[in-house]
1. Given a Förster distance of 41 angstrom, what is the FRET efficiency for Ser9 paired with Leu167, based on the Cβ-Cβ distance and rounded to 0.05?
2. If you take the beta carbon distance between Ala84 and Leu176 as r and set R0 to 41 Å, what does 1/(1 + (r/R0)^6) give as a FRET efficiency, to the nearest 0.05?
3. What number comes out for the charge environment of Ala59, summing +1 per Lys or Arg and -1 per Asp or Glu over other residues with Cβ under 12 Å away?
4. Lysines near Lys72 by alpha-carbon distance under 30 Å, same-chain residues fewer than 8 away left out - which ones?
5. Which value, to two decimals, describes the C-alpha radius of gyration of the chain once divided by 2.2 N^0.38 Å?
6. I'd like the distance separating the alpha-carbon centroids of segment 153-181 and segment 117-138, in whole Å.
7. Considering amide H positions built from the backbone, and no H for Pro or chain starts, which residues 5 or more places from Gly106, or on another chain, come under 5 Å of its amide H?
8. Taking the alpha-carbon set of segment 46-116, what are its Rg and Dmax in Å?
Amino acid sequence: MALAMKESSYAVTLPVLNRTFEFKFSAALLPAMVLAGRLTFGFYFLWSGFDKLITNFSAAGFLANASQGPLKGIFVDMGTSTAAVNVIDPLVVWGQILIGFALFFGVFFRFALLMAATQMFLFYLPQLWPEHNPFLSEHIFYIGAFAVLGALGAGRVLGGDALIEKLEPVKKNPALKWLMG
């Protein structure tokens with residue numbers, strides 16, 4: 001009796017500038033890596049948010065002292081304004097906690113990634129231009145990773161979005177699926 005091994009992979013063809021590219025993905029490895037990425041970023045945001053919550057975090061120092069570049073004045077003004085800091089601090093802390101839960105459990109995943117990318121971009125802006133690169137910082141790489149996870153539908157891999165998408169209100173309003181995945 002001979003056993004035949006069948007290669008288990010996904011193949012995707014993508015036309016770009018009159019050329020066709022073929023990408024092959026492992027059917028076993030891709031979902032595991034997507035899940036690992038989702039859990040890693042979820043934990044990252046959860047930890048960051050809870051750490052800020054228990055250590056009496058304030059964005060004032062970052063905004064007033066770490067700001068540079070063409071937008072420095074705006075961010076320094078925000079960092080020295082008690083009213084602005086009183087709004088920014090809870091947005092950062094609770095935003096990170098809520099983003100972390102959503103990413104970790106795969107619930108409204110794409111919306112959470114959009115909020116995570118927005119937060120990373122807002123962390124990037126006060127430090128324009130990065131000290132050791134004319135454009136890129138780790139914040140831009142995070143945004144790119146969020147885009148990849150969103151495109152791969154990471155919220156559906158052992159996540160809550162796979163269950164939520166089966167609910168009748170979501171079936172009746174397919175636009176809601178853009179928030180999930």
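A short reminder: the numbers here are calculations on the coordinates, not readings from a lab. The structure presented is a predicted model; accordingly, all values stated were derived computationally and were not measured. No Cβ is skipped: glycine too gets one built from the backbone with ideal geometry, and neighbour counts run over all protein chains shown.
1. Plugging the Cβ-Cβ distance into 1/(1 + (r/R0)^6) gives 0.80.
2. Values: r = 34 Å, r/R0 = 0.82.
For Ala84 and Leu176, the calculated efficiency is 0.75.
3. Details: positive: Lys52; negative: Asp89.
Residues near Ala59 contribute 0 overall.
4. Within reach: Lys52.
5. 1.28
6. Between the Cα centres of segment 153-181 and segment 117-138 lies a distance of 32 Å.
7. Those qualifying (amide H under 5 Å, at least 5 residues apart or on another chain) are Gly160.
8. Radius of gyration, then largest Cα-Cα span, for segment 46-116: 13.8, 39 Å.
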